[in-house]
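A.B. asks: Handing you a structure now.
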Amino acid sequence: MKSLIKFFSSVKLAIVLLIIITSASILGTLVPQGRSAAEYAARYGQMSDLMIRIEVTRLYQSWWYIGLLLMFSMNTIVCTLMRLPPKLKKAFQPVLEFEQKKLRSLKIKDQLETNETVEHTKERVKTALFSRRYRIKESTKKSYFFIFAQKKRLGIFGSDVVHLGLLIILAGGIISGMAGFRTTLSIKEGQTLPVPNEDFSLRLDKFETEYYANGSVKDWKSTLTVIDNDKEALSKVVEVNHPLTYKGVVFYQSSYGLHWDNPLVEIHVTDKNDASISEYITLKIGDTAVFSNQRLELHAMSFIPDFVLNERNEVVTRSLEPNNPAVFIKVVKERKEIFSGWLFAKYPDFARMHSQKETGLSFNLANFKAGQYSGIQIARDPGVSLIWAGCIFLMLGFFIAFYWIPSEIRVIIEEQKGRTRIILGGSASKKTESFKQEFEKIIEFIRK
Amino acid sequence: MNESMLFLIAFILYILSAFFYFIFLFSKKGSFAKKGYWTIIIALISHTVAMVLRIFESGHAPFTNMYESLSFLSWSAAFAYLFIERKFKIRKAGPYFMVIVIGLMALASSPLMPKEATPLVPALQSYWLWLHVSVTLFGEAFFAIAFVTSIMYLAEKYKEKKGKISPSGLTAEKLDSISYRSVGIGLPIFTLGGLVFGMVWAYKAWGSYWSWDPKEVWSLITWFVFAIYLHTRLVMGWRGKKSAIIAIIGFLAALFTYFGVNYLLSGLHSYT
């Protein structure tokens, strides 16, 4: 145990670990992460098996990378704790004794003599130090009087606060990784879907895409409603950068796509024998429209985005892209079916031939519009509040470490042949230039 | 006066200021360093107006493509130089640092960088675009100062070894300390803009504060390099040459995070 603590208390270990973690991280940016085995085989050939086995292909989630991070945090904890007690002592229980020789060996120092009494001088020095906001501790020795003044004493804890922030962030990361949950729901307009692992559901009321004048996408907006206990609990327009949060679950606009469940089709009807008839009928698949003075009924039966016949002569779709869109319609006149068949948007003549033969009417698939689904990412991340807390400590620690510079001034006041001698010595860990100026101002103040 | 005109004026003025600084370097006449300093201020005004005009024209933050962000990085670098120059009097570093500013401006104006402002894709429509990118680049500008002073440190040491002692006040020791102080300014800013604001925005836009995207990893790598810099320096007492080399590596890592990742690696951050 002791040797383990000794091992982890070494700053050299921290440097070595930082170098290893940095090198490993670089490796992870050079090898594409999380691809398929086939892709690695194509890219790296025989090496790919080994790479997958040592998890270079999912490096940041690999046991050895996480192990390195854990070792590094252990190192940080031990190093910080080992150095803390002496630091606490230095800041809160400073030694109220200092040899004259040591005081004189400091880089920033001065010596004054006055005719005032020791008591008087003591008060004068204290006032000078107070005026520069120094905190004072004093002690009376046999032959002299000692003052210890310190300022911004918490400054020495900057690095500890940074380390604390880092450890909190790491803890948050571990919690996110172990207890976090993330999935994507593809949800259609009007559809209500249960949220996985939660006892409430999500409904998409409306989905729209906004475009810029040049045609590129400006925004995707999903109007979402959370339904909890059969009640509408919360409604919000979710767009990229503007998620919705409900009971610790966050809903993000993440993707979108087309679906062909019940697209809208527009059918153009003309009559060979009567040029006055030219009607555009818009209806959804499954619906029926009445037209031509109530005499004709049109049923839109089904829609295929990419029409093809398979080897068994069945109608199937080759893809979800509208490469060969076709709609199957039925037309009924006075309860008698006068036409049924496929209309192809790309081959209008095909249906016209068929329908004209039977009715004189001609049908054409003029337009169609797919339904859209919205891809909503759902995330529950219990680690995230720790991350923000850690970030605050991290930044606070940086500020303290670099800009809250502690300084100390030690003063010895003694009687010397009827006169009073003051010896001052100061030190600051950083920014010695500005401390020097302050030191001189204090001397000036005492001289006055 | 339109944006590209003002940008060009700023570019010419940066070159002019470098010219003044180089004259100062060889003639040792302080008046030329002063001229260089004021030329940077005028250049910065022109550059600032150019960026403001672009913001009004495009209606969004001026960091959405390589031209815009390079222009902002040059602006930050010039600003950072003025700041450090006022604080630490490092005008001998002026000529070298202005070469970096000019290099960035030249890269921004090269025909390889598309200049037209395109409408923002949905993921970038957020005020976090302003905070994340500007603060990160501003932090990187201070790494650039550390980079230049570190290189100057190494050169100065090399000269000392050959028996030449620099007559001016900018000693190797001072260069070493300015380099450290620049890291002290740059690292907190970089951490806030790059890592903290980056995580907050990623959480809002992508639903995850950390995705091990190459740009994220490289900003972490940059951060690790500076962590090594601080620990070797403050705990193990490394100074001078070793410190300078780590600061140089740190800046190069930051540069790769900013530039290399976009062109050599692909990921979530590929917007242009």
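A.B. asks: Just need a number here: residues in region B:190-202 that are more than 10 Å from chain A (Cβ to nearest Cβ) and open to solvent by 40 Å² or more (accessible area, probe 1.4 Å).
C.D. replies: 0
A.B. asks: Of all residues in region B:216-227, which are within 7 Å of chain A (Cβ to nearest Cβ) and open to solvent by 20 Å² or more (accessible area, probe 1.4 Å)?
C.D. replies: B:TRP218, B:LEU220
A.B. asks: So in region B:233-267, with the set limited to residues that are β-branched (Val, Ile, Thr) and either within 30 Å of B:LEU112 (Cα to Cα) or within 13 Å of another protein chain (Cβ to nearest Cβ) (or both), which one is surrounded by the most Cβ atoms within 10 Å (Cβ to Cβ)? Can you show your working first?
C.D. replies: At the first step, the residues of region B:233-267 found to be β-branched (Val, Ile, Thr) are B:235, B:245-246, B:248-249, B:257, B:261.
Filter again for either within 30 Å of B:LEU112 (Cα to Cα) or within 13 Å of another protein chain (Cβ to nearest Cβ) (or both), leaving B:235, B:246, B:248-249, B:257, B:261.
Numbers: B:VAL235: 15, B:ILE246: 21, B:ILE248: 20, B:ILE249: 18, B:THR257: 25, B:VAL261: 21.
Looking at residues that are β-branched (Val, Ile, Thr) and either within 30 Å of B:LEU112 (Cα to Cα) or within 13 Å of another protein chain (Cβ to nearest Cβ) (or both), I get B:THR257.
A.B. asks: Has region B:203-215 got at least one residue that is within 21 Å of the chain's Cα centre (by Cα) and either open to solvent by 10 Å² or more (accessible area, probe 1.4 Å) or at pLDDT 95 or above (or both)?
C.D. replies: Applying the first criterion (within 21 Å of the chain's Cα centre (by Cα)) to region B:203-215 yields B:214-215.
Filter again for either open to solvent by 10 Å² or more (accessible area, probe 1.4 Å) or at pLDDT 95 or above (or both), leaving B:214-215.
Looking for residues that are within 21 Å of the chain's Cα centre (by Cα) and either open to solvent by 10 Å² or more (accessible area, probe 1.4 Å) or at pLDDT 95 or above (or both), one finds at least one in region B:203-215, hence yes.
A.B. asks: Could you list, in sequence order, the residues of region A:403-427 that are surrounded by fewer than 21 Cβ atoms within 10 Å (Cβ to Cβ) and either of a type in the set (Gly, Ala, Ser) or in contact with a Pro (Cβ under 7 Å, 6 or more places away or on another chain) (or both)?
C.D. replies: Matches in region A:403-427: A:GLY418, A:SER427.
A.B. asks: Is it the case that some residue within region B:78-90 is more than 19 Å from the chain's Cα centre (by Cα) and open to solvent by 70 Å² or more (accessible area, probe 1.4 Å)? It would help to see each step written out before you state the result.
C.D. replies: Initial filter on region B:78-90 (more than 19 Å from the chain's Cα centre (by Cα)): none.
Scanning region B:78-90, I find no residue that is more than 19 Å from the chain's Cα centre (by Cα) and open to solvent by 70 Å² or more (accessible area, probe 1.4 Å), so the answer is no.
A.B. asks: Applying the selection to region A:131-164, what residues are charged (D, E, K, R) and modelled with pLDDT under 95?
C.D. replies: Narrowing region A:131-164 to residues charged (D, E, K, R): A:132-133, A:135, A:137-138, A:141-142, A:151-153, A:160.
Correct list: A:ARG132, A:ARG133, A:ARG135, A:LYS137, A:GLU138, A:LYS141, A:LYS142, A:LYS151, A:LYS152, A:ARG153.
A.B. asks: Further, regarding this structure: Please enumerate the residues belonging to region B:1-45 that are hydroxyl-bearing (Ser, Thr, Tyr) and either surrounded by fewer than 20 Cβ atoms within 10 Å (Cβ to Cβ) or not assigned by TED's automatic domain parsing to the domain that holds B:ARG86 (or both).
C.D. replies: Within region B:1-45, the subset hydroxyl-bearing (Ser, Thr, Tyr) is B:4, B:14, B:17, B:21, B:27, B:31, B:37, B:39.
Passing the criteria: B:SER4, B:SER27, B:SER31, B:TYR37.
A.B. asks: If you don't mind, another one. Quick one: in region A:243-252, which of the residues that are at the interface with another protein chain (Cβ under 8 Å from one of its Cβ atoms) and touching a Lys or Arg at 6+ places or on another chain (Cβ under 8 Å) is most open to solvent (accessible area, probe 1.4 Å)? Let's see the steps before the verdict.
C.D. replies: Going residue by residue through region A:243-252, those that are at the interface with another protein chain (Cβ under 8 Å from one of its Cβ atoms) are A:243, A:250, A:252.
Add one more test, that the residue is touching a Lys or Arg at 6+ places or on another chain (Cβ under 8 Å), and what stays is A:243, A:250.
Numbers: A:PRO243: 25, A:VAL250: 8 Å².
Checking each candidate, the answer is A:PRO243.
A.B. asks: Now for a different question. Output the residue which, of all residues in region A:204-231 that are free of Cβ contacts under 8 Å to residues at least 24 places away in the same chain, more than 14 Å from chain B (Cβ to nearest Cβ) and of a type in the set (D, E, K, R), is farthest from B:VAL200 (Cα to Cα).
C.D. replies: Only one residue fits best here, namely A:ASP230.
A.B. asks: I want to confirm something. Restricting to region A:262-286 and keeping residues that are at pLDDT 80 or above and small (Gly, Ala, Ser), which single residue is nearest to A:ASN364 (Cα to Cα)?
C.D. replies: Here the answer is A:SER278.
A.B. asks: Could you look through region A:305-314, keep only residues that are without any contact (Cβ under 8 Å) to a residue 24 or more places away in the chain and of a type outside the set (Lys, Arg), and pick out the one that is surrounded by the most Cβ atoms within 10 Å (Cβ to Cβ)?
C.D. replies: Within region A:305-314, the subset without any contact (Cβ under 8 Å) to a residue 24 or more places away in the chain is A:306, A:308-314.
The next check asks that each one be of a type outside the set (Lys, Arg); those that pass are A:306, A:308-311, A:313-314.
On the way: A:ASP306: 16, A:VAL308: 14, A:LEU309: 9, A:ASN310: 9, A:GLU311: 5, A:ASN313: 6, A:GLU314: 8.
Per the stated criteria, the residue is A:ASP306.
A.B. asks: Does any residue of region A:197-209 turn out to be at pLDDT below 90 and among the polar types (S, T, N, Q)?
C.D. replies: yes
A.B. asks: Search region A:15-29 for residues being under 19 Å from A:TRP63 (Cα atoms) and facing another protein chain (nearest Cβ under 8 Å), and hand back the single one that is surrounded by the most Cβ atoms within 10 Å (Cβ to Cβ).
C.D. replies: Here the answer is A:THR29.
A.B. asks: Based on this model, can you work out whether B:LEU234 counts as under 19 Å from the mean Cα position of the chain (by Cα) and of a type in the set (A, V, I, L, M)? Give the derivation first.
C.D. replies: Values: under 19 Å from the mean Cα position of the chain (by Cα): no; of a type in the set (A, V, I, L, M): yes.
Taking the combined requirement at face value, the residue does not satisfy it.
A.B. asks: Mind checking whether some residue in region A:266-288 is free of Cβ contacts under 8 Å to residues at least 60 places away in the same chain, closer than 24 Å to A:ASP381 by Cβ and more than 25 Å from the chain's Cα centre (by Cα)?
C.D. replies: No.
A.B. asks: Something else about it: Of the residues A:SER201, A:SER302, only one is under 30 Å from the mean Cα position of the chain (by Cα), more than 14 Å from every other protein chain (Cβ to nearest Cβ), open to solvent by less than 60 Å² (accessible area, probe 1.4 Å) and more than 28 Å from B:MET199 (Cα to Cα); which? Before you say what the answer is, go through the steps one by one.
C.D. replies: Working: A:SER302 fails: under 30 Å from the mean Cα position of the chain (by Cα).
None of the others qualify; the one that does is A:SER201.
A.B. asks: Please go through region A:60-94 and pick out each residue that is in contact with a Phe, Trp or Tyr (Cβ under 6 Å, 6 or more places away or on another chain) and either within 28 Å of A:ARG153 (Cα to Cα) or exposed (fewer than 14 other Cβ atoms within 10 Å of the Cβ) (or both).
C.D. replies: Of the residues in region A:60-94, the ones in contact with a Phe, Trp or Tyr (Cβ under 6 Å, 6 or more places away or on another chain) are A:60, A:74-75, A:78, A:94.
Within region A:60-94, A:MET74, A:ASN75, A:VAL78, A:PRO94 qualify.
A.B. asks: Has region B:155-162 got at least one residue that is out of contact with any strand residue (DSSP E or B) (no Cβ under 9 Å at 6 or more places or on another chain), in a loop (DSSP other than H, G, I, E, B) and open to solvent by 20 Å² or more (accessible area, probe 1.4 Å)? Steps first, please.
C.D. replies: Start the filter on region B:155-162 by keeping residues that are out of contact with any strand residue (DSSP E or B) (no Cβ under 9 Å at 6 or more places or on another chain), which leaves B:155-162.
So of that shortlist, the ones also in a loop (DSSP other than H, G, I, E, B) come out as B:162.
Imposing the further condition that a residue be open to solvent by 20 Å² or more (accessible area, probe 1.4 Å) reduces the set to B:162.
For region B:155-162, residues out of contact with any strand residue (DSSP E or B) (no Cβ under 9 Å at 6 or more places or on another chain), in a loop (DSSP other than H, G, I, E, B) and open to solvent by 20 Å² or more (accessible area, probe 1.4 Å): present.
A.B. asks: Being over 16 Å from A:ALA345 (Cβ atoms), among the acidic types (Asp, Glu) and surrounded by fewer than 18 Cβ atoms within 10 Å (Cβ to Cβ): is that true of A:GLU266 here? Show your work before the answer.
C.D. replies: Values: over 16 Å from A:ALA345 (Cβ atoms): no; among the acidic types (Asp, Glu): yes; surrounded by fewer than 18 Cβ atoms within 10 Å (Cβ to Cβ): yes.
For A:GLU266, the condition - over 16 Å from A:ALA345 (Cβ atoms), among the acidic types (Asp, Glu) and surrounded by fewer than 18 Cβ atoms within 10 Å (Cβ to Cβ) - is not met.
A.B. asks: In region A:35-114, which helices (runs of 4 or more DSSP H) lie fully inside it and hold 3 or more residues that are at pLDDT 95 or above? Before you say what the answer is, go through the steps one by one.
C.D. replies: Values: elements: A:37-44, A:47-53, A:63-92, A:100-104.
Fully inside region A:35-114 and qualifying: A:63-92.
A.B. asks: Among residues belonging to region B:118-137 that are closer than 13 Å to B:GLU68 by Cα and open to solvent by 50 Å² or more (accessible area, probe 1.4 Å), point out the one that is nearest to the other protein chains (Cβ to nearest Cβ).
C.D. replies: B:THR118
A.B. asks: Out of the strands (runs of 3 or more DSSP E) lying entirely within region A:315-400, which hold 3 or more residues that are at pLDDT 90 or above and either within 14 Å of chain B (Cβ to nearest Cβ) or open to solvent by 50 Å² or more (accessible area, probe 1.4 Å) (or both)? Before the answer, list the steps.
C.D. replies: Details: elements: A:315-317, A:326-333, A:336-344, A:361-380.
The strands (runs of 3 or more DSSP E) meeting that bar are A:361-380.
A.B. asks: Something else now. For region A:67-90, how many residues meet the condition of being β-branched (Val, Ile, Thr) and within 12 Å of chain B (Cβ to nearest Cβ)? I'd like the intermediate steps shown before the answer.
C.D. replies: Step one: filter region A:67-90 for residues β-branched (Val, Ile, Thr), giving A:76-78, A:80.
Retained after the next criterion (residues that are within 12 Å of chain B (Cβ to nearest Cβ)): A:76, A:80.
Number satisfying all stated conditions: 2.
A.B. asks: For region A:401-426, give me each residue that is among the basic types (Lys, Arg) and in a strand (DSSP E or B). Step through it out loud before you land on a result.
C.D. replies: Step one: of region A:401-426, the residues among the basic types (Lys, Arg) are A:410, A:417, A:419, A:421.
The answer is A:ARG410, A:ARG419, A:ARG421.
The values are calculated or read from the model by the stated rules, or taken from the named source; none is laboratory data. Just so it is clear, the model here is predicted, and its values are computed rather than measured. Every residue, glycine among them, receives a Cβ derived from its backbone with ideal geometry; neighbour counts consider all protein chains shown. These accessible areas exclude ligands, DNA and RNA; they are computed on the full protein's heavy atoms, side chains included. Shrake-Rupley method; radii C 1.70, N 1.55, O 1.52, S 1.80 Å.
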